[in-house]
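Structure below; questions to follow.
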Amino acid sequence: MKILVLNCGSSSIKYKLYNMDDEAVLAQGGVERIGLDEAFIKVKLDNGDKRTIMADLPTHKEGVALVFKCLLDPEIGALKSLDEIDAVGHRIVQGGDKFNESCIVTPEVEAGIDDLCDLAPVHNAGHLRGIRAVNALMPHVPQVTVFDNAFHSTMPAHAYLYAVPYEFYEKYHVRRYGFHGTSHRYVSQRVCDFLGVDIKTQKIITCHIGNGASVAAVKYGKVIDTSMGLTPLAGLMMGSRCGDIDPSAVTYLMDKTGMKPQEMADFLNKESGVLGITGISSDMREIENADKAGNERAHLALEMYNYRIKKYIGAYAAAMNGVDIIVFTAGVGENQEGVRWDSCADMEYLGIKMDAERNHCRGEERILSADNSKVKVVLVPTDEEIVIARDTMELVKK
């Protein structure tokens, strides 16, 4: 069975084509700048090189059509016919409290995703455009939606509710949802397979640390809390997102600057976080380089960034009455050894003891903690797309 996985954003499409017989990646790439000038697709070739093709892409339909064209290309493609694609799986950021598991796309599912656009206007609208583009080009191919927040749906009410009048939850669905669910789901199971333990016996803290970042407490295979909230803005300090902030600071700044709600939302999402503190970049590699060069604000940003990860690790250890495994994943978590080290430093009271030599690595599945550490700290590269592909195959086979 061949499954195409799509992650459609407001102006982008990331794709991977799998042969599910052995879960081999047959093709992958991404479309950028849909609806804008100088749109293009970047295709990753078998030898690791990338081929960029410029194109006129006014809508997602043209973007998906270009993905199909590249998949069929005799030189850079992997298919002889689109009929070889058995199903398409989509990442959906916000399933709200309507969807707590993956499902086959139906008109009712489309309508449900559309209803949730208020909670994730940029993301969900892009996902819908991708679903409809595939339906227009391949109407007979089944499509599956895999929701980013579904893995977090096991949180108890005392963890996901905000302390505002309950009617706002009933009327407007205001609550903590959490995101990066496919990543937290993948690495929490993968680390147990890697260590040879049963997930149903383990207390795990999963740290998805990328430009967007979140932490989850996974107790015996189920999420009991996670750092992101109603939107991906809450929780950790991120590349350009502020993370947790006093709501009164937001209203105070709106009063002082005259910013309107959407302007403030853009400011907190796109101009804050590491970028806002340093004034340099949202890229942690650039911040680490600036810190080494003596930039004081870069150093401050790293201290803030790592301190917040440490606080969530401590909080979730308390929430679960202990922790057996801590997992680091995603772009920063997999590649920035300084972030991993500082986030776990001085936590011997929890049974965490890192090994500097083991931690000196990038993107490699391995144990990072010392042999005498009671808590296993492990690096596990994430693979959100394979989770989507597996769910898609399982539902289509039913």
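The values are calculated or read from the model by the stated rules, or taken from the named source; none is laboratory data. These numbers come from a predicted model, not from an experiment. Note that each Cβ is placed from the backbone with ideal geometry, even for glycine, and that neighbours are counted across all protein chains shown. Ligands, DNA and RNA are excluded from the accessible area calculation, which covers all protein heavy atoms including side chains. Shrake-Rupley method; radii C 1.70, N 1.55, O 1.52, S 1.80 Å.
Yes or no, residue by residue, for (1) polar (S, T, N, Q); (2) farther than 16 Å from P232 by Cβ; (3) open to solvent by 60 Å² or more (accessible area, probe 1.4 Å):
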position: I245; (1), (2), (3): no, no, yes
position: S248; (1), (2), (3): yes, yes, yes
position: T251; (1), (2), (3): yes, yes, yes
position: K256; (1), (2), (3): no, yes, yes
position: M259; (1), (2), (3): no, yes, no
position: E263; (1), (2), (3): no, yes, yes
position: E271; (1), (2), (3): no, no, yes
position: S282; (1), (2), (3): yes, no, no
position: E286; (1), (2), (3): no, yes, yes
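Let's see how each residue does on (1) surrounded by fewer than 16 Cβ atoms within 10 Å (Cβ to Cβ); (2) over 17 Å from G89 (Cα atoms); (3) in contact with a helix residue (DSSP H, G or I) (Cβ under 7 Å, 6 or more places away or on another chain):
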site: D22; (1), (2), (3): yes, yes, no
site: L26; (1), (2), (3): no, no, no
site: I34; (1), (2), (3): no, yes, yes
site: D37; (1), (2), (3): yes, yes, no
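Hey, can you tell me all the residues within segment 38-66 that are farther than 20 Å from H127 by Cα and of a type in the set (S, T, N, Q)?
N47, T52
Still on this structure: Considering only residues that are touching a helix residue (DSSP H, G or I) at 6+ places or on another chain (Cβ under 8 Å) and outside any strand (DSSP E or B), which ones fall in segment 213-231?
Y220, G221, S227
Looking at segment 99-109, is at least one residue in contact with a Lys or Arg (Cβ under 7 Å, 6 or more places away or on another chain), of a type in the set (D, E) and either part of a loop (DSSP other than H, G, I, E, B) or open to solvent by less than 20 Å² (accessible area, probe 1.4 Å) (or both)?
Within segment 99-109, not a single residue is in contact with a Lys or Arg (Cβ under 7 Å, 6 or more places away or on another chain), of a type in the set (D, E) and either part of a loop (DSSP other than H, G, I, E, B) or open to solvent by less than 20 Å² (accessible area, probe 1.4 Å) (or both).
Between G363, G338, which is open to solvent by less than 50 Å² (accessible area, probe 1.4 Å) and not in a helix (DSSP H, G or I)?
Just one listed residue meets the conditions, G363.
Something else about it: Quick check on my filter: what residues within segment 20-39 are over 15 Å from L4 (Cα atoms) and part of a loop (DSSP other than H, G, I, E, B)?
Once the filter is applied, which keeps residues that are over 15 Å from L4 (Cα atoms) and part of a loop (DSSP other than H, G, I, E, B), segment 20-39 yields R33, I34, G35, L36, D37, E38, A39.
Out of (1) surrounded by fewer than 17 Cβ atoms within 10 Å (Cβ to Cβ); (2) closer than 21 Å to T392 by Cβ; (3) not aromatic (F, W, Y), what's the single condition that is false for I53?
(2)
I'm trying to understand the selection: among the residues of segment 140-153, which are within 13 Å of G96 (Cα to Cα) and either touching a Pro at 6+ places or on another chain (Cβ under 6 Å) or open to solvent by 60 Å² or more (accessible area, probe 1.4 Å) (or both)?
Hits for segment 140-153: nothing passes.
Out of Y349, Y316, which single residue is part of a helix (DSSP H, G or I) and more than 18 Å from L236 (Cβ to Cβ)?
Of Y349, Y316, the one residue that is part of a helix (DSSP H, G or I) and more than 18 Å from L236 (Cβ to Cβ) is Y349.
Within segment 57-70, does at least one residue satisfy the condition of being open to solvent by 40 Å² or more (accessible area, probe 1.4 Å), touching a residue at least 12 places away in the same chain (Cβ under 8 Å) and of a type in the set (F, W, Y)?
No - not one qualifying residue is present in segment 57-70.
Another question about this same structure. List, please: which pairs have Cβ atoms under 7 Å, are six or more places apart or on different chains, and start with a residue in segment 295-306 that is part of a helix (DSSP H, G or I) and end with one that is surrounded by 15 or more Cβ atoms within 10 Å (Cβ to Cβ) and among the hydroxyl-bearing types (S, T, Y)?
That search, which allows pairs on different chains as well, returns R297/T278; A298/T278; A301/T278; N306/S343.
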